[in-house]
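Working notes, beginning with the structure itself.
The values are calculated or read from the model by the stated rules, or taken from the named source; none is laboratory data. This one's a predicted model, so the numbers in the text were calculated from it and none came from an experiment. Virtual Cβ from ideal backbone geometry, glycine too; neighbours counted across all protein chains shown. Calculation scope for accessible area: heavy atoms of the full protein, side chains included, ligands and nucleic acids excluded. Shrake-Rupley method; radii C 1.70, N 1.55, O 1.52, S 1.80 Å.
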Amino acid sequence: MTMAFPAADFTAGGGAGNAAAWRRQGGVLGAAALVLLALFWRDSADLARIWWTSTTFGHCLFIGPVIGWLVWQRRAELARLQPVSWWPGLVLVGAGGLGWFVGDAAGVALARHLGLVVMLQGATVTLLGPYVARGLLFPLAYAFFLVPFGESLEAPLQSATVAMVMPMLALAGVPASVDGVLITIPNGYFEVAEACSGAKFVIAMIAYGSLVAHVAFVAWPRRIAFMVMAVIVPVIANGLRAFGTIYAAHLTSVEAATGVDHIIFGWVFFGLVMAAVIAIGWRWFDRDPDAAWFDPAPLQRLPRQRIDSYVAAALVLTTASGFAGWAGAVAAQAAALPDRIALPTVPGWQRADANLAAPWQPHYPSADHIVAGRYADGQGRSVDLAIAVFSAQHEGKELVSFGTGALREDDRWVRVAGLPPIAGGAAMRITAPGPVERVVATWYQIGDVITASPRVVKLETLKVKLLGGSPRAVAVHVSAQVLPGESASAAIAGFVAAAGPIERLVDRVASGQ
């Protein structure tokens with residue numbers, strides 16, 4: 001996001017005064033941006049880690065160089081503008097800081113990352129001025145693609161992929177059945193996992209399509225049509241890729257069809273899809289390659305509300321650090337917990353030995369306490385109960401986050417499908433090699449609120465931190481193995497009814513009673 005330019009590029013048409021102003025303002029902006037990244041170093045490092053390690057967001061590594069290229073393409077027009085510090089830009093810095101704070105308080109990484117990017121954009125507007133910012137409007141807006149977003153697309157795209165694959169298998173004469181995201185053929189079964197949903201292709205294509213639509217088109221109807229195609233084509237292509245993999249397994253074996261890393265192969269395939277999208281849209285490109293990127297004439301004036309550049313940089317950093325300090329004070333809140341907690345006594349149910357045939361336990365590595373055990377009743381039903389307790393939540397210690405909960409990252413257990421709620425708890429069916437299946441019901445408590453929604457967890461966490469209340473957070477999972485002739489959901493509902501209301505169960509366990 002640092003906008004610094006060689007002085008030589010800004011002398012022609014802009015004069016030596018503009019070149020000096022660019023050196024001064026660019027240097028101050030670069031220094032302020034580095035301090036902002038250092039002040040929010042956890043989020044900066046988190047972004048870099050996600051870009052480098054995530055196959056879904058690997059394209060973000062190219063966004064920074066693309067922004068640099070977009071700015072470089074505008075160098076002739078920018079040379080005719082004089083950058084000045086403009087204090088109303090601090091409003092954007094404050095908006096980004098507030099968004100970051102809300103994300104930090106609620107434990108929403110997306111809001112924190114977005115807030116950091118908006119603060120950097122605000123610093124650019126504050127230190128270069130509104131008219132330069134208008135000339136840099138698209139590069140500044142394109143910086144939003146630095147934020148990893150779009151994981152919510154995975155579930156619907158999984159369903160879309162399954163919906164496309166099954167008819168194609170039927171047309172190809174491959175006998176297949178589907179159970180949620182599991183497709184079974186005579187010689188094996190396939191999981192249409194999150195990584196195979198095509199979400200990574202769609203997210204990357206949105207960034208790529210936005211760039212092409214801006215660079216190659218002028219007319220908005222053509223830009224919109226190109227973006228629609230850029231989204232639809234990779235979804236269809238991913239369905240074809242999934243069908244091809246399963247069909248190859250039908251003709252050979254599952255091992256042969258998946259012997260090559262299909263994720264890496266998928267990116268090669270996606271590269272071909274990108275080329276195909278460009279080829280399809282090529283004939284409708286309507287932008288002259290030599291045309292100016294913007295008209296600098298109406299922007300060659302100085303704005304009101306100007307301010308000294310060093311004062312502006314100090315105000316940018318003071319505004320941002322104020323939110324960081326506020327977050328630190330809020331994060332210091334914690335509830336008192338007993339030294340240890342124990343599983344409760346449940347009328348009509350007795351403690352039983354662990355289920356070695358289908359062992360399962362949720363994943364909460366940062367919980368202050370976690371207890372788990374198995375119960376059985378006189379009717380031969382059995383369930384597994386797990387309770388995780390947090391004295392407070394903060395970065396790295398969250399009740400709801402990626403890779404925690406009923407299923408961990410790269411777990412042997414796989415989510416098959418959602419189920420109707422059980423006693424108010426969110427329910428899902430999971431499976432593991434064997435095959436063996438389980439039903440898992442989940443409840444959360446934040447303060448005095450019992451919920452089954454991760455979104456409500458985030459909202460209540462934010463309310464507790466801002467308005468006060470107990471910061472204690474608890475997760476409750478009750479699970480039962482799916483067995484012939486037995487209802488796992490009924491076993492879970494019976495156990496919860498015997499244990500009492502969930503809020504009473506949580507209070508008994510979390511208070512050490």
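Over the heavy atoms of Ser210, what accessible area does a 1.4 Å probe trace out, to the nearest 10 Å²?
30 Å²
Given points 7 Å out from each Cα along the Cα-Cβ axis, report the Phe402 to Gln333 separation in nanometres with one decimal.
Going from the Phe402 label point to the Gln333 one covers 2.7 nm.
Just by accessible area at a 1.4 angstrom probe, what is the order of Lys397, Lys463 from largest to smallest?
Lys463, Lys397
R0 = 60 Å: FRET efficiency of Leu356 with Ile232, Cβ-based, nearest 0.05?
The computed FRET efficiency comes out at 0.80.
Taking only C-alpha pairs under 8 Å that are 6+ residues apart, what is the relative contact order of the chain in percent?
On the way: 843 pairs, mean separation 72.7, N = 513.
So the answer I get is 14 percent.
Short version: ³J(HN,Hα) in whole Hz for each residue of region 240-252, in order, from phi by Karplus 6.51 cos²θ - 1.76 cosθ + 1.60 (θ = phi - 60°), x for Gly and Pro, what are they?
Per residue, the Karplus-derived 3J(HN,Hα) values read 5, 5, 5, 4, x, 5, 5, 5, 4, 5, 5, 6, 10 Hz.
State the three equivalent ellipsoid semi-axes of region 362-513, derived from the C-alpha gyration tensor as the square roots of 5 times its eigenvalues, in descending order and whole Å. Write down the numbers at each step before the final one.
Details: eigenvalues 137, 62, 34 Å².
After scaling each eigenvalue by five and taking roots: 26, 18, 13 Å.
In region 329-430, what GluC sites (Glu not before Pro) fall in a loop by DSSP, with at most 10 other Cβ atoms inside 10 Å?
Glu409
What is the distance, in nm, between label points placed 7 Å from the Cα along the Cα-to-Cβ direction at Leu137 and at Gln379?
Between Leu137 and Gln379, the label points sit 6.6 nm apart.
Less than 20 Å from a label point 7 Å out along the Cα-to-Cβ axis of Phe62: which backbone N atoms in region 121-149 qualify, by residue?
Backbone N within reach: 138-149.
Filter the trypsin sites (Lys or Arg not before Pro) in region 398-451 to those in DSSP coil with at most 16 other Cβ atoms within 10 Å of their Cβ, and list the result.
On the way: sites: Arg408, Arg412, Arg415, Arg429, Arg438; in loops: Arg408, Arg412.
Qualifying residues, ordered by number: Arg408, Arg412.
What is the distance in Å between the Cα centres of region 399-440 and region 291-367?
Their Cα centres are 25 Å away from one another.
At 222 nm, what value in deg cm²/dmol follows for the chain if DSSP H runs of at least 4 each add -39500 (n - 2.57) and the sum is divided by all its residues, to the nearest 500?
Dividing the helical sum by the residues of the chain leaves -16000 deg cm²/dmol.
On the protein heavy atoms, probe 1.4 angstrom, tell me the percent of accessible surface of the chain carried by carbon and sulfur.
63 percent
Taking each pair of different alpha-carbon atoms in region 64-154 once, compute 1/r for the pair, average those values, and report the inverse of that mean as the Kirkwood hydrodynamic radius in Å to one decimal.
Mean inverse Cα-Cα distance, inverted, gives 14.0 Å.
Along its principal axes, what span do the Cα atoms of the chain show, with the longest given first and each in whole Å?
Rounded to whole Å, the extents work out to 90, 62, 33 Å.
Normalise the Cα radius of gyration of region 132-255 by 2.2 N^0.38 Å (N = residues in it) and let me know the number.
1.33
Give the accessible area for Met227 in Å² (nearest 10); use a 1.4 Å probe, count only protein heavy atoms, and leave out ligands, DNA and RNA.
About 50 Å², ignoring ligands and nucleic acids.
For the chain, report the accessible area per residue in Å² (1.4 Å probe, heavy atoms, rounded to an integer).
45 Å²
Give, in nm to one decimal, the length gained when the segment between Trp282 and Arg306 is fully stretched (0.36 nm per residue of separation minus the Cα-Cα distance).
This chain segment gains 4.2 nm when fully extended.
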